[in-house]
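Chemist: One structure, as structure tokens, below. Some questions next.
We did not get these values from a lab; they are worked out from the coordinates using the rules stated. The structure displayed is predicted, hence computed values, not measured ones. Positions of Cβ are backbone-derived with ideal geometry, glycine not excepted, and every protein chain shown enters the neighbour counts.
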Amino acid sequence: MKEKKEVMSTFMRDSEGLSMGSLSLALIGPDVRRRREVAKAFEGQQATISREFSSYPTVDLAEFLEGVYDGVIIDLDSNPEHALEVIENLCSHNNSVTVMVYSARSDPQMLVRCMRAGAREFLNEPVLPGSAAEALVRASVRRDEVRRLKTAAGKLLVFVGAKGGCGVTTVASNFAVALAKHAKVALLDLDLQLGDVSLTLGIQSGFTALDAFQNLHRLDSDFLSGLMTKHASGVSVLGAPDNIPDIQPSTDGLERLLRVAREDFAYVIVDAGSCSIRTHEMLFEMATTVYLVSQVSVADLRNANRFVTRYFGGASGQKLEIVLNRCNPHNHIEIDDDAITKALTRPAKWRIQNDFVAARRAQNTGVPLASEKNHIARVIADMAGAAAGHVPVPEKKKKFGLF
């Protein structure tokens, strides 16, 4: 018993070394007696229960979150289904808060449901001070990690095509090369089935994005760095596999990959390829900017309209920039600018002229278009400069004279 107390006191001293003094907790429990017992277990733990609720929050959940709680402790037994609904709402609105549940029952199925809903700690009653202290240590570590990521996370720039074969990979790859002149850049090819970013840039690697998804338990900055290949421009590339795999990345795995990449790179560029609807939704939600690449054709514009309508209505439309690729003056005879704008529901942000010869040469040689001097390189350089916060310098007009 004495040995147990010594271990506990040592643990408490170690806990005090973390920045838990500012941990703010909310306690939700309709049962007054059980709520008080739980509150007692958290007394003297370098954290404060800022507010207690005698009922489960309902319509005022958004207002409840404005209190900026680091942790929320929820009674599971009084009304399990209602408690699970609160957990899901809390975690969907604020993924930085640590949700803890307490219960007098040991039900494995309910434990799994709680964790799936977003709860991170399951406290068995009677809640002991040691269990509370351990939960607070983990909550403190997570709180500090979330704050660090918020201040250090790089920007996520997603490229997606309105239709297959519209040139997404070419635009994304050359954009990455151009942006690497301004900052540290990562390029991720998430088209696991038919991605060809590595081929476009003329590089070879022994590892691909598939290796990252198959080793999520090991995925950190060092592991990811070992999987990536450095292009001559300075871009770190994580390519797609050579063979078509049988799997699609889960949203959890994809979120982890992007989070780790954004820790080390100022800009993470994603070639979204033929991702699933759920993957697209997650990518677009996380993205700083989404570049929708389309051509001027009836089929492309129709699909672009579908994308814009489905994913970028309301406030989310502010992060969307439309790129018209392979523009040809003859297109405007058949489909004029008014028709294009109407189909896209907004004017196109960027227009890249068609240069079949230069594009084919770049594909066959693996030399990026961004390293050449042509119209495509100029437009992509302007796109990269705008993403990096640089104002493009207008070209000087040539003066004509005798000499």
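Chemist: If you stretched the chain out fully between Arg310 and Asn124, how much longer would it get, using 0.36 nm times the residue separation minus the C-alpha to C-alpha distance?
Modeler: 62.6 nm
Chemist: Using a basic spin-label model with each label point 7 Å from the Cα along Cα→Cβ, how many nm lie between Ile335 and Arg105?
Modeler: That separation, rounded to one decimal, is 5.8 nm.
Chemist: Taking 7 Å along the Cα-to-C-beta vector as the label spot, tell me the His390-Lys40 distance in nanometres, rounded to one decimal.
Modeler: 6.6 nm
Chemist: Please list, in order, the residues from the stretch 266-299 whose amide nitrogen is less than 17 Å from a point placed 7 Å along the Cα→Cβ vector of Gln353.
Modeler: 296
Chemist: Shifting gears a bit: Can you tally the net charge around Ala387? Count Lys and Arg as +1, Asp and Glu as -1, for every other residue whose Cβ sits under 11 Å from the Cβ of Ala387.
Modeler: -1
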